[in-house]
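Presented below is the structure to which this report refers.
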Amino acid sequence: MSVLTLSGGVGGAKLALGLYRVLPPETLTVIANTGDDFEHLGLSISPDIDTLLYTLGGIDNLELGWGRRNETWTFMAALESLGGETWFKLGDGDLATHIERTRRLAAAESLTQITDDFRCRLGISARLLPMSDDQVRTRLRTEEGWLDFQDYFVRLHSEPVVREIVYAGASQARANPDFLAALLDDDLEAVVICPSNPFLSIDPILSLPGVRDALRASRAPVVAVSPIIGGKAVKGPTAKLMAELRLPVSAAAVARYYGDIIDVYIADAADGGEVAEIDVAVSFAPTLMQTVEDRETLATAVLAAADRGF
């Protein structure tokens, strides 16, 4: 049997790690959002892929919540002394990942091939697939004009008011064929949508042609985990975006946003009253993941709910 999960960066990686630890590792496939990818300082950077690589590989920076463990910053200090752009922090170890990825892309290797090689070299038994080898870029229409995702999220600290989100290139992109094949595999036991930002991390994946149809056609239950607890986002601009897009800031609103692609919804007990009326099976579990044990507990609850709810 196998489990497939859709994930963004930090929040999604926490649950992905929990699943990786409670499942036979080789049975897990993680689909990474690449709408956040961008070119910076001449380098091809894939932030969500790298967060998943570092987390599943056990080398994530626990203090910062992103990047590599035991990182050093000589490059950034030298760049700053030369007047270079330093708003996007690149640690010395992290820089090696981007340089090697850029080199291999220029040599006509696919992002899937490169990611798989990095995964193997970091000793990760789970499969890690980019959602597509084609370029998709998340862009936001704000009161300051159109912004690329990293400009909005990192350079401007998610401060501009957002009026619209688009996934440039998605309609022409091809979903990773291994992703679509996994969704239709008879041995697939569950599809898990991690508690990543629905608009910035999960929607870019769902926007690819054929993905929503494949999710509906899959024989496995699709389980989504709420990124909202008690009307607030655990991390990042999810709640802010929902308010700006005129959606209620609630766990129930996220479930309704996913619509008919999900079969089971996992919410925190703090949101028990408001999710009672949604049209899918609901299961409750502690969704705040502060420790490794929390991640394993939630992963176990997700798998149990998938087994019961379909």
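Since every read-out is calculated from the coordinates, none of them should be taken as a lab result. Model, not experiment: these values are computed from the prediction. Positions of Cβ are generated from backbone atoms using ideal geometry, with glycine treated the same way; all protein chains shown enter the neighbour counts.
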Using 0.36 nm per residue of separation minus the Cα-Cα distance, give me the extension gain between residue 141 and residue 171 in nm, one decimal.
9.0 nm
For an R0 of 25 angstrom, estimate the FRET efficiency from the Cβ-Cβ distance between residue 63 and residue 260 and round to the nearest 0.05.
0.05
Highest-fluctuation residue, 192, 234, 30 considered, GNM on the chain with Cα pairs under 10 Å:
234
Which part of segment 128-151 falls in the paramagnetic zone of residue 213, meaning amide N under 20 Å from the point 7 Å along Cα-to-beta-carbon?
131-134
Quick P(r) readout (segment 80-145; Cα-Cα; 5 Å bins; whole %) gives 3, 13, 16, 19, 19, 14, 11, 5, 2
Give the distance, in whole Å, between the Cα centre of segment 130-165 and the Cα centre of segment 1-78.
20
Once the Cα atoms of helix 292-308 and of the chain are each reduced to a long axis, what angle between those two axes, in degrees from 0 to 90 to the nearest 10, is obtained?
40
Specify the angular offset, from 0 to 90 degrees and rounded to the nearest 10, of the alpha carbon long axis of helix 92-106 from the longest principal axis of the alpha carbons in the chain.
90
Take the alpha carbon atoms of segment 167-310, find their radius of gyration, then divide it by 2.2 N^0.38 Å using N residues; give the quotient.
1.03
Nearest 10 degrees is fine. How inclined is helix 47-56 to the longest principal axis of the chain, computing both from alpha carbons?
70
